[in-house]
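Below is one structure, written out as structure tokens; comments come after it.
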Amino acid sequence: MSNLNNLISERNIKALILDMDGVITKTAVLHAEAWKKMCDLYLKQRGKEEGKEYKPFDVVEDYREYVDGMPRLDGLRNFFKSRGITVPEGKPDDEAGENTVVGLGDLKNLYFQEMLKQNGVVVFEDTITWVKVQQEKGLRTAVISASKNCLDILRSAGLTNLFEVRVDGMVSAELKLKGKPAPDIFLEAAKRLDVQPQEAAIFEDAWAGIAAGKAGNFGLVVGVDRTNNKELLEENGADLIIKSFTE
Ligand SMILES: O=P(O)(O)OC[C@H]1O[C@@H](O)[C@H](O)[C@@H](O)[C@@H]1O
């Protein structure tokens, strides 16, 4: 038996809660590209106005550190703060592209949706196969995501019915759940699956998700390292790191 399967049985895990972007679907790269397009446009324009040159968005380092796994607007504030920039918050009806947190967030989302249309959704087959095997063994399963595009992505991938429970960016906004690294989204999924956090394993590719799993006292916190990100996942307390579900 693999390390992962051993831990699941040793720790008496009854439910699995998986993050979507980067664990189930290959959509993290599209998010990173959309972030870069929006951020670089704004940094260039702002730099010109201020007679400064800002370091462009790095799709590996900046994505990982500041936006991966977090709600859209939290990520936006985090990234610009890293460049010493405070963007005005704006109003909920700001147009996409206005120079506010709301307007720039909407612009990033437009870019993301265009990229999604062009590229379609590709899934990590190893995840899907493994989840189905665990479900046959009787484990309960949930998908979580900070993304407000989660349901559309699951639909495009033909995965709407795979998980019993979904707690995504839309649900989080409705319930006013705090974003990762706060544990709220995982705790809500556990509640809906009717298990205690100690009885659930969480699967995450982002440091913020691992930190959320630890903060929520989950029975098993697994880092899914698809992009050579082992150190950051370890630093944040992952109990186990896997590169794929076929290990
Ligand atoms: O902008 P959305 O689709 O609501 O997604 C919010 C965040 O969702 C997370 O799942 C992604 O890791 C982030 O890259 C993304 O920014």
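FYI, it's all coordinate maths here, none of it is from the lab. Fair warning: this is a prediction, and the values are worked out from it, not measured in the lab. Using ideal geometry, Cβ is built from the backbone for each residue, glycine included, and neighbour counts are taken over all protein chains shown.
In straight-distance terms, cross-link reach from residue 191 covers every one of the lysines whose alpha-carbon lies under 30 Å from its own, apart from those fewer than eight places away in the same chain; here that gives 14, 26, 132, 137, 148, 176, 178, 180, 214, 230, 243. Summing charges over neighbours of residue 171, with a neighbour being any other residue whose Cβ is under 10 Å away from its Cβ, gives 0 when K and R count +1 and D and E count -1.
Think of each Lys and Arg Cβ as +1 and each Asp and Glu Cβ as -1; about the Cα centre, that makes the dipole of the chain roughly 160 debye. Against the empirical 2.2 N^0.38 Å (N residues), the chain has a Cα radius of gyration ratio of 1.02. With respect to the chain, whose longest principal axis is taken over its alpha-carbon atoms, helix 72-82 is tilted by about 60°. Each peptide among 146-155, 223-232 gets the average number of other Cβ atoms lying within 10 Å of its residues, and from highest to lowest they stand as 146-155, 223-232. Beta bridges assigned by DSSP with both partners in the chain are antiparallel in approximately 5 percent of cases. Remark: region 122-139, residue by residue, has Karplus-estimated 3J(HN,Hα) of 9, 9, 7, 4, 4, 5, 4, 4, 5, 4, 4, 5, 5, 5, 4, 7, x, 6 Hz, where x stands for each Gly or Pro and the curve is 6.51 cos²θ - 1.76 cosθ + 1.60 at θ = phi - 60°. Tell me, what HN-Hα J-couplings in whole Hz come from the Karplus equation 6.51 cos²θ - 1.76 cosθ + 1.60 at θ = phi - 60° for each residue of region 185-193, using x for Gly and Pro? Going residue by residue, I get 5, 6, 5, 5, 5, 4, 4, 5, 8 Hz, with x marking Gly and Pro. Helix content alone sets the calculated 222 nm mean residue ellipticity of the chain: runs of n ≥ 4 DSSP H residues at -39500 (n - 2.57) each, divided across all residues, give -14000 deg cm²/dmol. Out of 6, 165, 141, whose Cα points farthest toward the positive end of the dipole of the chain (charges: +1 Lys, Arg; -1 Asp, Glu; placed on Cβ)? Comparing the listed Cα positions along the dipole, 165 ranks first.
From the Cα gyration tensor of region 104-247, with a ≥ b ≥ c the square roots of its eigenvalues, which class applies: rounded if a/c is under 1.5, or else prolate if a/b is larger than b/c, or else oblate? Verdict is rounded for region 104-247. Which one, 56, 31, 42, is farthest towards the positive end of the dipole of region 1-97 when Lys and Arg carry +1 and Asp and Glu -1 on their Cβ? About the Cα centre, the residue reaching furthest to the positive side is 56.
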